[in-house]
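What follows draws every value from the coordinates through simple rules; no lab data is involved. Please read these numbers as outputs of a predicted model, since none were measured by experiment. Because the Cβ atoms are built from the backbone with ideal geometry, glycine has one as well, and the counts that use them run over all protein chains shown.
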Amino acid sequence: MSDRIDSDAGMEGAGRNLPPLRLHVPEPKFRPGDTADFSDFDIPPAGAQPRPDETAQPGDMRDLAYGLVRVLDEEGAAVGPWDPKLPPETLLKMLRAMALTRAFDARMFRAQRQGKTSFYMKSTGEEAVSIGAAAALASDDMCFPSYRQQGILIARGWPIVDMMNQIYSNKGDRLKGRQLPIMYSAREAGFFSISGNLTTQYPQAVGWAMASAARGDTRIAATWCGEGSTAEGDFHSACTFASVYRAPVIMNVVNNQWAISSFSGFAGAEATTFAARAIGYGIAGLRVDGNDALAVYAATRWAADRARANAGPTLIEHFTYRVEGHSTSDDPSAYRSADEASHWPLGDPIARLRKHCIALGIWDEEQHAAMDRELAETVRDAAREAEKNGILGHGLHHPMESMFEDVFEEMPWHLREQQQQMLDEWKAAGL
Amino acid sequence: MSDMMSEAVTETHGDTVQMNMIQAINSALDVMMERDPDVVVMGEDVGYFGGVFRATAGLQQKYGKNRVFDTPITECGIIGVAVGMGAYGLRPVPEIQFADYIYPALDQLVSEAARLRYRSAGEFISPMTVRSPFGGGIFGGQTHSQSPEGIFTHVSGVKTVIPSTPYDAKGLLIAAIEDNDPTIFFEPKRIYNGPFNGHYDAPAKSWAGHAQAQVPTGYYRISLGEARVARAGEALTIICYGTMVHVVENMVAEMGVDAEILDLRTLVPLDIQAIERSVRKTGRCLIVHEATRTSGFGAELMAQVQERCFYHLEAPIERVTGFDTPYPHSLEWAYFPGPVRIREAINKILKD
């Protein structure tokens with residue numbers, strides 16, 4: 001048999017002395033019970049990355065897609081060409097928004113555990129990604145966030161009671177109890193309706209930016225997705241469109257290392273960086289220390305200025321760590337080492353910005369502790385206020401018939417008929 | 001009621017000239033781009049070239065590249081970008097080159113465009129009209145022949161429109177573009193250039209001389225959700241849309257049957273009153289579509305007729321549809337629900 005195959009020129013292989021093929025299935029370095037050790041991480045010192053002109057050609061700045069833009073050094077000093085040299089009031093405003101986001105997360109996580117709502121997602125450890133960006137964007141730039149950018153709304157001063165009403169799906173919920181908790185929508189805040197389907201917001205942000213450019217507007221768009229969902233086709237469609245039309249858009253990849261239980265290797269991190277995805281599309285790529293609020297600010301500002309100068313889109317990878325579970329429905333101790341977060345070599349974003357402010361002499365530990373106490377009260381009071389509008393599962397906060405509204409602008413006959421049928425059935429059942 | 005309503009809301013301007021369906025669609029786009037600066041046209045090959053079927057010919061030249069532009073070959077991207085443009089405040093009219101290519105865009109259509117108004121309680125809307133040639137009969141094989149309307153009628157939050165004549169194509173497309181909800185506008189490409197009676201071996205006919213090919217050059221609209229009585233009759237009701245309207249009309253004429261032919265024009269929202277009124281009158285109902293049978297839109301029509309007209313029925317409701325196979329290239333005319341099968345079904349319904 002093998003002779004016959006060997007003699008057939010078109011069927012070589014089976015009988016030849018070749019090594020068997022192997023399938024590579026990525027495996028994270030640490031699993032439950034392992035001691036996390038990140039000492040082999042290649043972390044460039046703060047200030048080491050060059051800062052090109054905002055209109056630089058993407059081909060002239062490829063190294064930045066593999067490096068790590070960092071501004072805050074170990075002592076809390078802002079160093080290097082990317083230092084945005086922010087005034088004290090901006091620094092303290094960012095610090096406060098980050099602390100408020102963390103306090104908000106703590107309160108809402110607890111509310112979910114107390115049975116007041118079905119679901120919650122914390123952004124612990126990733127606050128700088130949202131708040132650094134929000135601070136660098138104009139307040140009327142349009143954001144197309146993923147589900148872990150609550151910091152944008154908080155940084156933009158959106159009322160947290162309104163956010164809580166949404167989380168409780170109560171009668172104060174402007175979204176009428178239709179969306180999973182944290183899937184906010186706030187048009188007035190330039191915050192697009194969050195989808196549960198991943199990265200669909202990417203081409204939408206590009207489309208919004210294209211429309212803005214076609215109209216000669218001055219506003220730009222920004223969008224966020226996780227590193228895991230860069231694998232979605234939408235991500236690549238968006239990059240292609242952004243490149244083709246040089247759309248004024250900032251595309252952020254929040255690389256927090258984990259997509260539920262799948263580590264970043266399942267999105268391609270073993271082979272390259274996520275910022276390097278930009279290179280193939282010929283767009284500017286920046287890789288940034290996502291736990292450094294000043295680096296996030298500086299990169300976002302660079303990308304925003306680039307977009308406003310009609311120099312095209314930017315893809316920014318924010319290298320960070322998801323300190324908590326994916327959501328309240330997740331238990332990360334089942335798949336990753338428990339001490340990864342505490343060993344994370346880029347530290348905690350709030351602690352780092354606090355250290356910087358203290359080093360500048362504009363802040364101290366006592367003020368910070370007082371702020372944390374004040375913010376804990378703020379979120380507690382806001383939660384009490386929101387709970388006056390009801391909590392999930394305790395009664396109908398929106399009339400049943402409202403279920404049929406907003407499917408279309410005008411309700412067609414078949415929805416009216418189904419609405420009436422529902423009401424009749426409940427009535428007949430004596431309810 | 002629907003006939004009267006469609007007369008009442010139809011507003012015609014300009015001269016009336018003969019157009020084929022492509023020209024009528026082109027004219028609708030032209031009229032809307034002229035009237036509304038928010039209307040933008042996008043898709044593969046739609047710009048400089050004017051579309052593989054020429055439906056967008058001349059529009060880029062007239063309205064510029066900011067409003068009429070070619071796109072990369074990613075249907076997911078085309079519809080995703082259209083959602084974003086809609087959120088900005090534009091009124092996009094993306095073209096998907098063939099309905100068979102629409103599947104990569106399903107997530108953006110189903111989970112995004114169709115749900116945006118609902119999930120944001122009206123903060124954001126998606127007023128796009130997705131134009132796409134659909135249906136077979138052109139030897140397009142399985143990737144240029146499909147009729148996926150049933151996929152969209154199953155989705156809450158989108159409207160589905162299918163014209164069968166140049167006059168309707170223009171009026172319905174204008175109404176779809178003006179509509180603030182996402183609309184799938186399927187264009188039966190077999191009848192772009194002329195009505196098709198189902199006899200594939202007969203010489204092709206053009207729209208010349210057809211009453212429904214007399215199209216006003218200006219603005220007029222045909223409200224979505226209103227069926228057209230293509231032929232009034234008493235013996236049975238035949239519900240159909242798109243290409244099949246012409247195939248059915250021809251067979252009814254050949255057989256000399258006094259059938260009432262309802263051209264649905266819009267599948268969602270459906271003109272249920274027109275269906276109910278007609279079937280109650282005739283007591284017999286045949287449903288004809290080119291799409292595959294199982295879970296096809298005909299199944300919904302049968303259910304509606306059964307629920308509303310059961311005591312008026314004198315024979316079981318029948319369906320003539322495409323078979324539950326992919327669209328076969330060389331066996332196209334065995335697959336196509338043509339004259340032979342429609343004749344059989346009409347005879348069967350009238351027998352009892």
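Numbers at a glance
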{"item": "Net charge, A:Glu340 excluded, C-beta distance under 11 Å - Lys, Arg +1, Asp, Glu -1", "result": "+1"}
{"item": "Rounded tilt (10° steps) of B:339-351 against the dominant C-alpha axis of chain B", "result": "50"}
{"item": "Within segment B:184-302, percent of DSSP bridges classed antiparallel, to nearest 5", "result": "25"}
{"item": "P(r) tail fraction, chain A - alpha-carbon pairs more than 38 Å apart, %", "result": "28"}
{"item": "Cα-only radius of gyration and Dmax that characterise segment B:105-182, units Å", "result": "14.1, 45"}
{"item": "Rg and Dmax of chain B, Cα atoms only, in Å", "result": "19.4, 61"}
{"item": "Value of [θ]222 nm, deg cm²/dmol, for chain A, DSSP H segments ≥ 4, -39500 (n - 2.57) each, nearest 500", "result": "-11500 deg cm²/dmol"}
{"item": "Cβ charges +1 (Lys, Arg) and -1 (Asp, Glu), total dipole of segment B:13-216, debye", "result": "160"}
{"item": "Computed E for A:Trp426/B:Tyr311 - FRET, C-beta separation, R0 30 angstrom, nearest 0.05", "result": "0.60"}
{"item": "Restricting segment B:265-337 to GluC sites (Glu not before Pro) in coil, as DSSP defines it, with at most 15 other Cβ within 10 Å", "result": "B:Glu314"}
{"item": "Relative packing of B:83-89, A:39-45, which averages over residues the other C-beta atoms within 10 Å, highest first", "result": "B:83-89, A:39-45"}
{"item": "Of all DSSP beta bridges in chain A, antiparallel share, percent nearest 5", "result": "15"}
{"item": "Alpha-carbon centroids, segment B:119-178 and segment B:216-295: separation in whole Å", "result": "18"}
{"item": "Candidate lysines for bridging to A:Lys85, where Cα separation is under 23 Å - those fewer than 8 sequence places away on the same chain excluded", "result": "A:Lys93, A:Lys355"}
{"item": "For the protein assembly as shown, size of Cβ-based charge dipole, Lys and Arg +1, Asp and Glu -1, in debye", "result": "680"}
{"item": "Efficiency of FRET from Cβ geometry, B:Tyr48 and B:Lys348, R₀ 45 Å, rounded to 0.05", "result": "0.30"}
{"item": "Unit charges at the beta carbon, dipole of the protein assembly as shown: most positive-side option, B:Met128, B:Gly218, A:Phe408", "result": "B:Gly218"}
{"item": "Of B:Lys189/B:Lys281; B:Lys281/B:Lys351; B:Lys159/B:Lys189, those spanning more than 23 Å from alpha-carbon to alpha-carbon", "result": "B:Lys189/B:Lys281"}
{"item": "Binned Cα-Cα distances of the protein assembly as shown, short to long, each 10 Å bin given as a whole percent", "result": "3, 13, 20, 21, 17, 14, 9, 4, 1, 0"}
{"item": "Local net charge near B:Trp207, Cβ-Cβ under 13 Å (Lys/Arg +1, Asp/Glu -1)", "result": "+2"}
{"item": "Whole-angstrom gap from segment A:397-431 to segment A:303-374, using each part's C-alpha centre", "result": "45"}
{"item": "Residue among A:Arg301, A:Arg373, A:Arg96 with the largest mean-square fluctuation in a Gaussian network model of chain A, springs linking Cα atoms under 10 Å", "result": "A:Arg373"}
{"item": "For A:26-33, mean number of other protein chain Cβ atoms within 10 Å", "result": "0"}
{"item": "Segment A:Lys29-A:Ala231, extension gain: residue separation times 0.36 nm, minus the distance between their alpha carbons", "result": "70.6 nm"}
{"item": "At 1.002 mPa s and 20 °C, Stokes D of segment A:366-431 from Kirkwood alpha-carbon radius, µm² per second", "result": "137"}
{"item": "Shielding by other protein chains, B:178-191, mean Cβ within 10 Å", "result": "1"}
{"item": "Pairwise label distance in nanometres, B:Val17 with A:Arg215, each label 7 Å out on the Cα-Cβ vector", "result": "3.4"}
{"item": "Cα→Cβ-extended label distance, 7 Å offset, between A:Ser342 and A:Phe119, nm", "result": "3.2"}
{"item": "Simple Cβ-charge dipole of segment B:228-351, Lys/Arg +1 and Asp/Glu -1, about Cα centre, in debye nearest 20", "result": "180"}
{"item": "Packing rank of B:224-237, A:243-256, B:101-114, where each peptide gets the mean count of other beta carbons within 10 Å, highest leading", "result": "A:243-256, B:101-114, B:224-237"}
{"item": "Sequence ranges B:72-79, A:328-335, B:183-190, ranked by mean other-Cβ count within 10 angstrom, highest first", "result": "B:183-190, B:72-79, A:328-335"}
{"item": "In nm, spacing of pseudo-spin labels at A:Glu410 and A:Asn389 (7 Å Cα→C-beta vector)", "result": "3.1"}
{"item": "Computed [θ] at 222 nm, deg cm²/dmol, chain B (DSSP H ≥ 4; -39,500 (n - 2.57); rounded to nearest 500)", "result": "-10000 deg cm²/dmol"}
{"item": "Of all DSSP beta bridges in the protein assembly as shown, antiparallel share, percent nearest 5", "result": "20"}
{"item": "20 °C / 1.002 mPa s Stokes-Einstein diffusion coefficient of segment A:284-428, Kirkwood radius on C-alpha pairs, µm²/s", "result": "101"}
{"item": "Positive dipole terminus of the protein assembly as shown, leading residue within A:Leu392, A:Gly280, A:Asn256 (C-beta point charges)", "result": "A:Leu392"}
{"item": "Listed residue (B:Leu172, B:Gln108, B:Ala202) projecting farthest to the positive dipole end of segment B:13-216, Cβ model", "result": "B:Ala202"}
